[in-house]
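The values are calculated or read from the model by the stated rules, or taken from the named source; none is laboratory data. Values in this document were obtained by computation on a predicted structure and should not be read as measured data. In this analysis, Cβ positions are derived from the backbone assuming ideal geometry, glycine residues included, and neighbour counts consider all displayed protein chains.
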Amino acid sequence: MNKKRVLSCIQPTGDMHFGNYFGAVKNWVDMQDEYECFYGVVDYHAMTMPYDVKKLRNNTWELIFNCLAVGVKPDNLFVQSLVPEHTELGWIFNNFAGMGRVENMTQFKDKSIQSKLGKDGFISVGLFDYPVLQAADILIYKADFVPVGKDQSQHLELTREIANRFNNMVGKEYFVLPETKYTATPKIMSTADPLRKMSKSAGEKHFINIFGEEARIRKQIKSAVTSSDTKMSEGVKNLLQLLTACGYNDKADELEKMEMDGTLKYSELKDVVADALVERSEIFKTKKAEIVADKKAIKNQIKDSSSAIRKVAQQTLNEVKDLVGLLNVKH
Ligand code: ADP
């Protein structure tokens with residue numbers, strides 16, 4: 001029996017944080033036995049916000065080492081720019097995506113505000129268009145499932161709309177309409193501001209690096225925003241959620257009861273959460289040290305896996321070109 005397909009991607013814009021891991025990447029790892037998996041480090045997406053050209057390539061490799069350290073298998077990993085069919089399909093999809101819908105994407109609104117706050121207030125067309133390229137990332141592998149965090153649900157909806165419009169235009173159910181697959185904790189909030197999601201692009205204090213220094217992790221949790229004005233404030237809820245995600249469900253339940261009784265000391269909650277995150281982080285760091293010991297071999301392996309995965313993408317693009325009326329020289 002053919003395995004169902006899974007696709008998901010992550011941007012090489014900096015460190016991997018606990019939001020990425022508990023919200024999405026943990027599922028990548030867990031789904032590998034049951035599904036045929038394609039996991040992309042999407043470097044073209046990392047160019048959509050102002051970035052440092054000297055750092056991008058290094059960030060891409062670093063993120064690959066990070067993915068491997070948390071348990072992603074190298075055969076399932078590829079680098080987006082090594083599979084140029086993504087951008088080609090992305091261009092074709094520009095003609096199947098409506099301006100009004102793309103303009104409404106909340107990530108575009110959030111990130112364009114951040115861009116505007118930057119040095120010259122520049123907002124790129126790439127930032128606007130990135131959900132369309134994302135639709136190509138997903139559909140080019142005809143993925144059945146997309147393990148992502150809740151922040152991506154609107155983009156997945158757009159992907160299904162593009163697939164639908166395409167299918168209607170060509171008169172057959174060519175693209176599978178992909179479904180999201182959430183973890184038990186699909187939205188981890190920033191500990192510095194529990195009303196916004198934990199995110200790399202929001203700045204240093206808004207994410208906790210899973211490979212970070214122990215002292216920094218402890219400091220970030222110690223200064224986590226909690227409010228005793230209301231029971232179960234967003235900050236407390238988020239800390240309990242992090243504890244559950246680390247596998248300490250019983251402890252989280254016990255502390256939640258204490259919060260409801262009004263007996264929970266936030267310093268105690270923070271100590272327990274910091275211990276749990278540090279414990280996880282130590283496991284990842286040990287594994288990463290083993291991986292980076294042989295960087296050259298890993299880099300070659302990822303170039304090979306990207307070439308193998310590219311074959312799947314080429315086949316889809318060939319079929320798409322035929323379907324939409326473009327000339328085609330088959331690879
Ligand atoms: P970021 O938002 O930090 O730039 P990416 O856009 O590279 O991260 O996201 C990679 C994956 O991590 C996506 O599947 C995304 O949904 C997930 N993710 C990112 N932030 C969070 C969060 N705070 N909670 C849950 N999942 C998240």
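Among the residues of the stretch 128-147, those that are within 23 Å of Phe96 (Cα to Cα) and either within 12 Å of the ligand (Cβ to nearest atom) or not in a helix (DSSP H, G or I) (or both) comprise Tyr130, Pro131, Gln134, Asp137, Ile138, Ile140, Tyr141, Lys142, Ala143, Asp144, Phe145, Val146.
Listed conditions (1) at negative phi; (2) assigned to a loop (DSSP other than H, G, I, E, B) are all met by Lys205, apart from (2).
Matching residues to (1) of a type outside the set (Val, Ile, Thr); (2) closer than 21 Å to Val320 by Cα; (3) within 12 Å of the ligand (Cβ to nearest atom); (4) not in a loop (DSSP other than H, G, I, E, B):
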position	(1), (2), (3), (4)
Thr159	no, yes, no, yes
Thr180	no, no, yes, yes
Thr183	no, no, yes, no
Pro186	yes, no, yes, no
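For the stretch 218-234, taking the residues that are outside any loop (DSSP other than H, G, I, E, B) and buried (at least 21 other Cβ atoms within 10 Å of the Cβ), the one that is farthest from the ligand (Cβ to nearest atom) is identified as Ile221. Taking Tyr248 as meeting all but one of (1) closer than 19 Å to Met189 by Cα; (2) under 22 Å from the mean Cα position of the chain (by Cα); (3) among the aromatic types (Phe, Trp, Tyr), write down the number of the exception. It fails just one condition, (2). Looking at the stretch 310-331, which of the residues that are at pLDDT 95 or above and among the β-branched types (Val, Ile, Thr) is surrounded by the most Cβ atoms within 10 Å (Cβ to Cβ)? So the residue we want is Val320.
With the requirement that a residue be charged (D, E, K, R) and crowded, with 17+ Cβ neighbours inside 10 Å, what does the stretch 288-304 give you? Hit for the stretch 288-304 is Lys288, nothing else.
Residues in the stretch 236-255: is at least one basic (Lys, Arg), touching a residue at least 40 places away in the same chain (Cβ under 8 Å), under 21 Å from Ile10 (Cβ atoms) and not assigned by TED's automatic domain parsing to the domain that holds Val72? Checking the stretch 236-255: not a single residue is basic (Lys, Arg), touching a residue at least 40 places away in the same chain (Cβ under 8 Å), under 21 Å from Ile10 (Cβ atoms) and not assigned by TED's automatic domain parsing to the domain that holds Val72.
Ile208 satisfies every condition listed in (1) within 11 Å of the ligand (Cβ to nearest atom); (2) assigned by TED's automatic domain parsing to the domain that holds Leu158 except (2). Picking from residues in the stretch 242-278 that are touching a Phe, Trp or Tyr at 6+ places or on another chain (Cβ under 8 Å) and either closer than 15 Å to Gly19 by Cβ or of a type in the set (Val, Ile, Thr) (or both), the one that is surrounded by the fewest Cβ atoms within 10 Å (Cβ to Cβ) is Val272. Within the option set Ser281, Ser307, being surrounded by 17 or more Cβ atoms within 10 Å (Cβ to Cβ) and at negative phi holds for one residue only, Ser281. Filtered by the rule that a residue be in contact (Cβ under 8 Å) with a residue 60 or more places away in the chain, in contact with a Leu (Cβ under 9 Å, 6 or more places away or on another chain), within 28 Å of Phe166 (Cα to Cα) and surrounded by 19 or more Cβ atoms within 10 Å (Cβ to Cβ), the stretch 57-91 gives Leu77, Gln80, Glu85, His86, Leu89. Only a single criterion out of (1) within 13 Å of the ligand (Cβ to nearest atom); (2) within 22 Å of Lys288 (Cα to Cα) is not satisfied by Cys37, namely (1).
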